[in-house]
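Working notes, beginning with the structure itself.
Coordinate-derived values only; no laboratory data. Bear in mind that the values here come from a model prediction, so they are computed numbers and not experimental data.
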Amino acid sequence: MPGTYQHDRLGLATPGFWAFVLGTVVTSVLFTWVYNRANRSTLAAVLFHFSINFSGELFALPEPTQVFRTVLVALWAAAVVVVEGPRTLRGGASWARFLGRGAFAPDFAFVLLSPLRRLVLSPSRLADRLHLREDSRVLELGPGPGYFSVEVARRIPRGRLELLDLQPRMLELARRRLERAGLESRAGFTVADAGGVLPWDDGAFDVVFLVAVLGELPDPLHGLREVRRVLRPGGWLSVTEQPGDPDFVPAERVRELAAAAGFEPRESYGSARNFTLNFVRPG
């Protein structure tokens, strides 16, 4: 772009141009290192970037020197990789949780809020499957950043939505989404393990739903028995599983667990890899 350092000083396909391209890749390692080493400080990365730009403007280097400088920076980055290793060059536990099984890492919550999720299952389609009334008492287990929560809360103006999640950061993200939608007063937020004893009385809810959560529970059968306890007789349990989830539970296994926990099957939506199964607590 005319007027930029890259255009006016380097040009296209010059040695300085290729040094700049390689340097951008190499310095990304250093940016990651500085960011993680400073306790994930964006300010530290900004200051590091400023120092690079400032020194580049302060010292006008000829092309051969620019190439030499890039080589030195590459050696620096290589030394960081060898000495520091994965400890400061990846998201650590967060990155492993993004790729592996278990609760989704809050650092990657933006993935769960992607508009592309609507191609798999939109919040309105899920809410249509929950048999909500205006005064329904609803429990969402593992809401994450609240992708489905806003639409559910919107449909129960005289009801109550309780969100339970193991991770406080996820609940805070969900709370902010509901607050921006003007629906925070309809919701409660509880930090707890959905695989333990749920902190509500027997028969407290009309609907309990889980989206891509059942497989994360250490003991899914115990979790569903707790869900049955807090559901009123005739209340609905809705279990949704989605493609791409490392903890995906096949539909037949969901049915087996629900039957063992004392639920009766009622409805089925979707396909083998993207489905919602609804059950009723008899009584």
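Write down the percent of antiparallel bridges among all DSSP beta bridges whose residues are both part of region 106-280, to the nearest 5. All intermediate terms of the calculation are to be shown ahead of the outcome.
On the way: 12 of 32 bridges.
In region 106-280, DSSP labels about 40 percent of beta bridges as antiparallel.
In the elastic network of the chain, a GNM with C-alpha springs shorter than 10 Å, the most mobile of 111, 211, 25 is 25. Helical runs assigned H by DSSP (4 residues or longer) give the chain a calculated mean residue ellipticity at 222 nm of -13000 deg cm²/dmol, each run adding -39500 (n - 2.57) before division by the residue total.
Between 142, 159, 23, find the one with the highest GNM mean-square fluctuation for the chain; connect C-alpha pairs within less than 10 Å. Looking only at 142, 159, 23, the biggest GNM fluctuation is shown by 23.
If you run the Gaussian network model on the chain, springs between alpha carbon atoms under 10 Å, then out of 132, 231, 119 the most flexible one is 119.
Based on Cα contacts under 8 Å between residues 6+ apart, the chain shows a relative contact order of 12 percent.
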